[in-house]
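Visitor: Can you keep this structure in mind? I'll have questions shortly.
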Amino acid sequence: MTWADRTIPDSKRLRYRSGPVPQPIVLELLNHAVWAPNHGLREPWRFIFVDNGKGDALGKAQEPAPAYLVVAMKEEANPYKRHEDFAAVCCLVQNFRLLAWERQLGVRATRPEWTDDPLRRRSFGIRETESIAFVLEMGFVDPPPPESASSAAAPAPAGLAFELF
Amino acid sequence: MDLATIITERRSIRRFNSRSVSQELVTELLAQAVRLYGQGESPRVRFVYAGTPEARERLVDGMTSSMRENKLMRWVPGKMIELFKSRFTAIPGHLIVVAEAGSDRSGGEASVAAACGIMQIFQLLGWEQGLGMLWDTERIIQNEVFFKQIGIRDHEVFVGILHIGYFDKAPRGRSRTPAEKKWTVYEGREAKTV
Ligand SMILES: Cc1cc2nc3c(=O)[nH]c(=O)nc-3n(C[C@H](O)[C@H](O)[C@H](O)COP(=O)(O)O)c2cc1C
């Protein structure tokens, strides 16, 4: 089966196994994911890895998961550049989610409100010129049994909003 | 092709050949991209496609409509504009992507994120089929005539156009910074910043 035929599970329904997520695997996946398109090759991202082995790394701020990856982004003052940079970070996160799924590493991409909080920003070493674009919840999952693969999948999109110019 | 190879070898294509692109293929890959995005709820994203010579010409007219008046471009001679127009009109397909700006704290960034994720998957699926694309957000094309043409509403955001076509040769990739250089481990209270 090729990557394009896989069914990506609805990330709200991911059930993580309890084992850790080794940093070298995350780095290996990221080193492929950074080939995301990004205008001006500004590579506007930075990563903060959070091991949640003890289960209390982020308190109640996030759903429980074996590890988190905070994806910080450079905040450009120019709104056009800012839009391009956010889009580039989204492409990187998308690459990462697809790659992770090949290894049965489930990833849920969240954009929680606590990331605006100055104290929390500081605790993650977020600079003045940066914001937190995504917090990824990560953990290995059991492969779905083949016959239930399609029912565990995200629902088929209800019609494509496709128009002709 | 293996996914990591597709991701690393995909290039932005700026020079296309004349082979036509079927609209069925575009809609098929797009539906597959939406399915693979799979983050639960249906993304609030709209796609507008220009694939016929007539539609392309009309679109490129809109994209370039501000060039003559634009301060930045005042010095651009008419001939240059014509050259730009014919170059873009010759590209077989143009997919415009618009996201609905919802009421979330950051003015619809959730739907912009969905749109971008889908566009990236669409680029990867296309690359596997030999299709090249360029994601275009040039400021000059984001003008009133163009926005009116694609029917942008108050609560919508323009995410980008993907110019689509087959190509003879892909440019060489420009290397990326290793993730290790942009990596910090959270130590509980204060993360050390590299
Ligand atoms: C959101 C976004 C906007 C972009 N806008 C443009 C653009 O307006 N013009 C352009 O030539 N390239 C644009 N690009 C393409 C980038 O320049 C390209 O991804 C980068 O140079 C890296 O090359 P690669 O995609 O071949 O890896 C854009 C890419 C992204 C993700």
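The values are calculated or read from the model by the stated rules, or taken from the named source; none is laboratory data. From a predicted model like this one, the values you see are computed outputs, not experimental measurements. No Cβ is skipped: glycine too gets one built from the backbone with ideal geometry, and neighbour counts run over all protein chains shown. The protein model used for the area step is the full one, side chains on, heavy atoms only, and it has no ligands, DNA or RNA in it. Shrake-Rupley method; radii C 1.70, N 1.55, O 1.52, S 1.80 Å.
Visitor: Accessible area lost on pairing B with A, both sides, 1.4 Å probe, Å² to nearest 100? Working shown, then result.
Guide: Values: alone 12700 and 10700 Å², together 17050 Å².
Result for this pair: about 6400 Å² buried.
Visitor: Nearest 10 degrees, 0 to 90: what angle lies between the long axis of helix B:53-63 and the longest principal axis of chain B (Cα atoms)?
Guide: It is inclined by approximately 70 degrees.
Visitor: Can you pull the Rg over Rh of segment A:1-77, Cα-only, Kirkwood? Can you show the working numbers first?
Guide: Working: Rg = 15.3 Å, Rh = 15.2 Å.
Ratio of gyration radius to Kirkwood radius: 1.01.
Visitor: Could you name the lysines in cross-link range of A:Lys60, using Cα to Cα under 24 Å and dropping any fewer than eight places away on the same chain?
Guide: Straight-distance partners of A:Lys60: A:Lys12, B:Lys192.
Visitor: Counting only protein heavy atoms and using a 1.4 Å probe, what share of the accessible area of the protein assembly as shown belongs to carbon plus sulfur, as a whole percent? Each step should come with its number before you reach the end.
Guide: Numbers: 8780 of 17050 Å².
Percent of accessible area from carbon and sulfur atoms in the protein assembly as shown: 52.
Visitor: Restrict the search to segment A:8-63; then list the trypsin sites (Lys or Arg not before Pro) that DSSP places in a loop and that have at most 15 other Cβ atoms within 10 Å of their Cβ.
Guide: Details: sites: A:Lys12, A:Arg13, A:Arg15, A:Arg17, A:Arg42, A:Arg46, A:Lys54, A:Lys60; in loops: A:Arg15, A:Arg17, A:Arg42, A:Lys54, A:Lys60.
Filter output for segment A:8-63: A:Arg15, A:Arg17, A:Arg42, A:Lys54, A:Lys60.
Visitor: As an exercise, take the mean of 1/r over every pair of distinct alpha carbons in the protein assembly as shown, invert it, and state the Kirkwood radius in angstroms. Before the final figure, lay out the partial values.
Guide: Working: mean 1/r = 0.0469 Å⁻¹.
This gives a value of 21.3 Å.
Visitor: Less than 26 Å apart at the alpha-carbon level, and either on another chain or at least 8 residues along: which lysines does that give for A:Lys81?
Guide: B:Lys71, B:Lys85, B:Lys148, B:Lys181, B:Lys182
Visitor: Hey, can you list the residues from segment B:120-134 whose accessible area shrinks by 10 Å² or more with all protein chains present, relative to the chain by itself (probe 1.4 Å, no ligands or nucleic acids)?
Guide: Buried on complex formation: B:Gln120, B:Ile121, B:Leu124, B:Leu125, B:Glu128.
Visitor: Could you give the accessible area per residue of the protein assembly as shown, probe 1.4 Å, as a whole number in Å²? Could you put the intermediate results ahead of the total?
Guide: Working: 17050 Å² over 359 residues.
Roughly 47 Å² per residue, with all protein chains present.
Visitor: Also: If you take every DSSP beta bridge whose two residues both sit in segment B:3-169, what share of them, in percent to the nearest 5, is antiparallel?
Guide: Percentage antiparallel, nearest 5: 95.
Visitor: What is the magnitude of the charge dipole of segment B:3-169 about its Cα centre, with +1 placed on the Cβ of each Lys and Arg, -1 on the Cβ of each Asp and Glu, and no other charges, expressed in debye to the nearest 20?
Guide: In debye, rounded to 20, segment B:3-169 gives about 600.
Visitor: Right, something else. For helix B:23-37, what angle does its Cα long axis make with the longest principal axis of chain B, in degrees from 0 to 90 and rounded to 10?
Guide: The angle comes out near 20 degrees.
Visitor: Largest first and in whole Å, give the semi-axes of segment B:3-169's equivalent ellipsoid, each being the square root of 5 times a Cα gyration tensor eigenvalue.
Guide: Working: eigenvalues 134, 97, 35 Å².
Largest first, segment B:3-169 gives 26, 22, 13 Å.
Visitor: Can you give the convex hull volume of the alpha carbon atoms of segment B:73-183 per residue, in Å³? List each step's numbers first, then the result.
Guide: Values: hull volume 20.1 nm³, N = 111.
Spelled out: Cα convex hull of segment B:73-183, divided by residues, is 181 Å³.
Visitor: Read phi for every residue in segment B:148-163 and hand back ³J(HN,Hα) as whole Hz from Karplus 6.51 cos²θ - 1.76 cosθ + 1.60, θ = phi - 60°, with x for Gly and Pro.
Guide: 5, 4, 8, x, 5, 9, 4, 8, 10, 10, 7, 9, x, 10, 9, 8
Visitor: A further question follows. For A:Asp85, what is the net charge nearby, where nearby means another residue's Cβ is under 13 Å from its Cβ and Lys, Arg count +1, Asp, Glu -1?
Guide: On the way: positive: A:Arg42, A:Arg46, A:Lys74, A:Lys81, A:Arg82; negative: A:Glu43, A:Glu75, A:Glu76, A:Glu84, A:Glu130, B:Glu109.
Summing Lys/Arg as +1 and Asp/Glu as -1 gives -1.
Visitor: Further question: I'd like to know which of A:Ala161, A:Ala88, A:Ile132 lies farthest towards the positive end of the charge dipole of segment A:9-165, counting +1 on Cβ of Lys and Arg and -1 on Cβ of Asp and Glu.
Guide: Selected residue: A:Ile132.
Visitor: Provide, for q = 0.13 Å⁻¹, the log10 of I(q)/I(0) from a solvent-free Debye sum over equal Cα point scatterers in chain A.
Guide: Debye curve over Cα of chain A, log10 I(q)/I(0) at q = 0.13 Å⁻¹: -0.70.
Visitor: So, one more: Taking K and R as +1 and D and E as -1, what net charge do the other residues with C-beta under 15 Å from the C-beta of B:Arg15 add up to? Don't skip to the end; give the middle numbers.
Guide: Values: positive: B:Arg11, B:Arg14, B:Arg19, B:Arg87, B:Lys169, B:Arg172; negative: B:Asp136, B:Asp168.
Local charge sum for B:Arg15: +4.
Visitor: Then there's this: Counting only helical runs of four or more DSSP H residues, what would the 222 nm mean residue ellipticity of the protein assembly as shown come to if each run contributes -39,500 (n - 2.57) and the total is spread over all its residues? Provide the component values of the computation, followed by the final result.
Guide: Details: 10 runs with 116 residues, N = 359.
For the protein assembly as shown, the value works out to -10000 deg cm²/dmol.
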